[in-house]
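First up is the structure itself, then whatever we jot down about it.
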Amino acid sequence: MDPLLRFAPSPNGRLHLGHAFSALVNDAVARRLGGRWLLRIEDIDPVRATPENIAGIEEDLAWLGLDWPKPPRRQSEHMAEYRAGADRLRAANLLYPCRCSRGEIAAAVADREAETGQPWPRDPDGTPLYPGTCRKLGAAERERLVASGRPLAWRLDVAAAIRGAGRVSWRAFDPAGREWIVDARPERWGDVVLVRKETPTSYNLSVVLDDAAQGITHVVRGVDLEAATDVHALLFALFGLAAPLYHHHRLLTDETGQKLAKSRNSLPLAALRQNGETPDGIRRRLGFP
């Protein structure tokens, strides 16, 4: 099988230099491996994934001189596949319904910290681990909760999943061709949400099923997603799917040392283009002459 990569931005705003760098790394690695890369639109958020943002992604990438097979895969067109994946995990008793809001979780964690005088465990992103409130519900209570019709999230019982899958690992690679094994520690994420209250999937669930469906052999993405690969490795094992190899590249930062991000209003490529920047200039700036 020829190497196949993917660049998968979320259309919740216009692309910035960090996205350009990641897309160019994907293109360079695909060429070095003798393969190609696909564009995937991660538009599971129906509010922020506007047609203008989606069109902007393709416009910016084409302006950089990049090309990809068309049309790109859009996650919003594959909700049935994600529902089926979640149903498989429910049938294996690995998902449980969760009614807790973020405020309720924060309050429960604050109470635990006040009682013990110790900080509550955090995940690699610094978010307090879910305290397991709904995991402790009995079967009858869970049935009543589901039957109530209220919006529910569905969480992965990570401890049960690890017992079922055993210890898992994932394969890393670098552009020079070296490969090595990384032991996964999905337990450090706690019981992650795999089905959101408002959407029949989540990033962690859809990215695994998408990579498998598209036959992705190599994933190239930012180092900020390296720890999340532990959860992805666990899901690949639970579904019995072949996992790709992973390379996590450096992140671009601003003058304060913060990574470029839409949430911090990092200057988009469209604005740079309006200011007279050229594709060649962007490539040279990012180290792709």
> Only one of ARG135, ARG142 is surrounded by 11 or more Cβ atoms within 10 Å (Cβ to Cβ) and in contact with a Pro (Cβ under 8 Å, 6 or more places away or on another chain); which?
Replying inline: ARG142
>> Which numbered condition in (1) modelled with pLDDT of 95 or more; (2) over 16 Å from VAL219 (Cβ atoms) is the only one that ALA176 fails?
In response: (1)
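Taking the conditions exactly as written (modelled with pLDDT of 95 or more and surrounded by fewer than 22 Cβ atoms within 10 Å (Cβ to Cβ)), does LEU61 satisfy them or not?
Values: modelled with pLDDT of 95 or more: yes; surrounded by fewer than 22 Cβ atoms within 10 Å (Cβ to Cβ): no.
No; evaluated as a whole, the condition is false for this residue.
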> Counting residues that are at negative phi and among the acidic types (Asp, Glu), which helices (runs of 4 or more DSSP H) fully inside the stretch 1-103 reach at least 2?
Replying inline: 51-63, 79-91
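Can you find even one residue in the stretch 107-121 that is surrounded by 18 or more Cβ atoms within 10 Å (Cβ to Cβ) and either among the small types (Gly, Ala, Ser) or assigned to a helix (DSSP H, G or I) (or both)?
Scanning the stretch 107-121 turns up at least one residue that is surrounded by 18 or more Cβ atoms within 10 Å (Cβ to Cβ) and either among the small types (Gly, Ala, Ser) or assigned to a helix (DSSP H, G or I) (or both).
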>> Restricting to the stretch 244-286, count the residues that are out of contact with any strand residue (DSSP E or B) (no Cβ under 6 Å at 6 or more places or on another chain), in contact (Cβ under 8 Å) with a residue 24 or more places away in the chain and assigned to a loop (DSSP other than H, G, I, E, B).
In response: 5
> Which of the residues belonging to the stretch 71-101 are out of contact with any helix residue (DSSP H, G or I) (no Cβ under 8 Å at 6 or more places or on another chain), among the hydroxyl-bearing types (Ser, Thr, Tyr) and surrounded by 14 or more Cβ atoms within 10 Å (Cβ to Cβ)?
Replying inline: SER76
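Tell me the residue from ARG142, ARG155, ARG178 that is without any contact (Cβ under 8 Å) to a residue 60 or more places away in the chain and in contact with a helix residue (DSSP H, G or I) (Cβ under 9 Å, 6 or more places away or on another chain), please. If you could, list the steps in order and put the result at the bottom.
Values: ARG155 fails: without any contact (Cβ under 8 Å) to a residue 60 or more places away in the chain; ARG178 fails: in contact with a helix residue (DSSP H, G or I) (Cβ under 9 Å, 6 or more places away or on another chain).
Answer to the check: ARG142.
Collect the residues in the stretch 122-137 that are farther than 23 Å from ARG150 by Cα, free of Cβ contacts under 8 Å to residues at least 60 places away in the same chain and in a loop (DSSP other than H, G, I, E, B), keeping them in residue-number order.
Applying the first criterion (farther than 23 Å from ARG150 by Cα) to the stretch 122-137 yields 122-129.
Next cut, free of Cβ contacts under 8 Å to residues at least 60 places away in the same chain only: 122, 126-128.
GLY126, THR127, listed by residue number.
State all residues of the stretch 138-173 that are under 30 Å from VAL219 (Cα atoms) and in a helix (DSSP H, G or I); if no residue qualifies, say none.
Let us first name the residues in the stretch 138-173 that are under 30 Å from VAL219 (Cα atoms), namely 153-173.
Once the filter is applied, which keeps residues that are under 30 Å from VAL219 (Cα atoms) and in a helix (DSSP H, G or I), the stretch 138-173 yields VAL158, ALA159, ALA160, ALA161, ILE162, ARG163, GLY164, ALA165.
Could you tell me which of the residues ARG40, ARG14, ARG6 is among the basic types (Lys, Arg), touching a Lys or Arg at 6+ places or on another chain (Cβ under 8 Å), under 20 Å from ARG273 (Cα atoms) and surrounded by 18 or more Cβ atoms within 10 Å (Cβ to Cβ)?
Numbers: ARG40 fails: under 20 Å from ARG273 (Cα atoms); ARG6 fails: under 20 Å from ARG273 (Cα atoms).
Sole residue among the options that is among the basic types (Lys, Arg), touching a Lys or Arg at 6+ places or on another chain (Cβ under 8 Å), under 20 Å from ARG273 (Cα atoms) and surrounded by 18 or more Cβ atoms within 10 Å (Cβ to Cβ): ARG14.
The values are calculated or read from the model by the stated rules, or taken from the named source; none is laboratory data. Since this is a predicted model, take the numbers as computed values, not measurements. So basically every Cβ, Gly included, is an ideal-geometry build from the backbone, and we count neighbours across all protein chains shown.
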